[in-house]
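First up is the structure itself, then whatever we jot down about it.
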Amino acid sequence: MKEQRAFLSFMELALAEAKSAALRGEVPVGAVVVFGGEVVASAGNRTRELCDPTAHAEVLAVRAACAALGSERLTGHDLYVTLEPCPMCAAAISAARIGRLYYGASDPKSGGVAQGARVFSHPQCHHVPEVYDGIAAVECERLLKDFFAERR
């Protein structure tokens with residue numbers, strides 16, 4: 001009989017990155033790249049700080065993980081992110097060959113995985129990760145709603 005490993009979520013670390021982003025005035029999204037149960041890289045949104053519209057948490061975490069490994073591919077790696085990736089981030093996830101994507105809150109307005117563009121369902125998509133949604137969704141959604149409520 002094959003031994004079953006318990007599922008270990010790294011969403012708490014992604015939430016910590018999202019909370020740090022909020023403290024910087026960024027939209028609170030956090031991402032963590034994991035391989036074999038070890039964190040390889042993590043990041044929160046920095047679009048305002050870096051004046052860079054591509055500085056989403058997912059892209060920054062993927063860049064940092066690739067730099068740490070000295071490779072443009074993250075085959076077999078997991079990515080935990082607090083919000084459904086946008087189309088740009090979904091394309092980066094595909095290009096990096098991320099093995100599994102775990103995300104918290106869905107994004108009906110700007111999502112690119114289950115909503116909107118649905119990047120992974122296109123025939124032009126070269127790599128499709130396993131996708132698991134709704135991980136700590138209530139806390140992820142609350143963080144975003146509270147952030148935007150304070151600004152209105």
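The values are calculated or read from the model by the stated rules, or taken from the named source; none is laboratory data. Quantities reported herein were computed from a predicted structural model and do not represent experimental measurements. Neighbour counts run over all protein chains shown; Cβ positions are idealised from the backbone, glycine included. Note: areas computed on protein heavy atoms with side chains; ligands, DNA, RNA excluded. Shrake-Rupley method; radii C 1.70, N 1.55, O 1.52, S 1.80 Å.
Side notes on the structure shown:
- Cβ-Cβ distances below 8 Å connect the following pairs, each with a first residue in region 127-152 that is among the aromatic types (Phe, Trp, Tyr) and modelled with pLDDT of 95 or more, a second residue that is assigned to a strand (DSSP E or B) and surrounded by fewer than 16 Cβ atoms within 10 Å (Cβ to Cβ), and a separation of six or more residues or different chains: 132/100.
- Residues being open to solvent by 10 Å² or more (accessible area, probe 1.4 Å) and more than 20 Å from residue 144 (Cα to Cα) - total across region 95-104: 4
- Identity of the residue in region 49-104, free of Cβ contacts under 8 Å to residues at least 24 places away in the same chain and in a loop (DSSP other than H, G, I, E, B), that ends up nearest to residue 133 (Cα to Cα): 55
- Checked against the criteria, residue 69 does not count as at pLDDT 95 or above and either in contact with a helix residue (DSSP H, G or I) (Cβ under 6 Å, 6 or more places away or on another chain) or within 17 Å of residue 109 (Cβ to Cβ) (or both).
- In region 113-134, the residues that are outside any loop (DSSP other than H, G, I, E, B) and surrounded by 14 or more Cβ atoms within 10 Å (Cβ to Cβ): 119, 120, 131, 132
- Residues in region 23-77 that are closer than 22 Å to residue 142 by Cα, in contact with a Leu (Cβ under 7 Å, 6 or more places away or on another chain) and not hydrophobic (A, V, I, L, M, F, W, C): 28, 30, 42, 46, 58.
- Scanning region 6-30 for residues that are open to solvent by less than 10 Å² (accessible area, probe 1.4 Å), assigned to a helix (DSSP H, G or I) and within 20 Å of residue 68 (Cβ to Cβ) returns a single hit, 14.
Rundown of residues vs (1) at pLDDT 95 or above; (2) open to solvent by 10 Å² or more (accessible area, probe 1.4 Å); (3) closer than 15 Å to residue 21 by Cα, yes/no style:
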| residue | (1), (2), (3) |
| --- | --- |
| 32 | yes, no, yes |
| 56 | yes, yes, yes |
| 80 | yes, no, no |
| 106 | yes, yes, no |
| 111 | yes, no, no |
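- Residues in region 113-126 that are touching a residue at least 12 places away in the same chain (Cβ under 8 Å) and over 10 Å from residue 91 (Cα atoms): 114, 115, 116, 117.
- Residues that are exposed (fewer than 14 other Cβ atoms within 10 Å of the Cβ) and closer than 21 Å to residue 32 by Cα, drawn from region 135-150: 138, 142
- Odd one out for residue 49 among (1) open to solvent by 50 Å² or more (accessible area, probe 1.4 Å); (2) among the charged types (D, E, K, R); (3) touching a Pro at 6+ places or on another chain (Cβ under 9 Å): (3)
- In region 1-30, of all residues being among the small types (Gly, Ala, Ser) and modelled with pLDDT under 95, the one that is nearest to the chain's Cα centre (by Cα) corresponds to 9.
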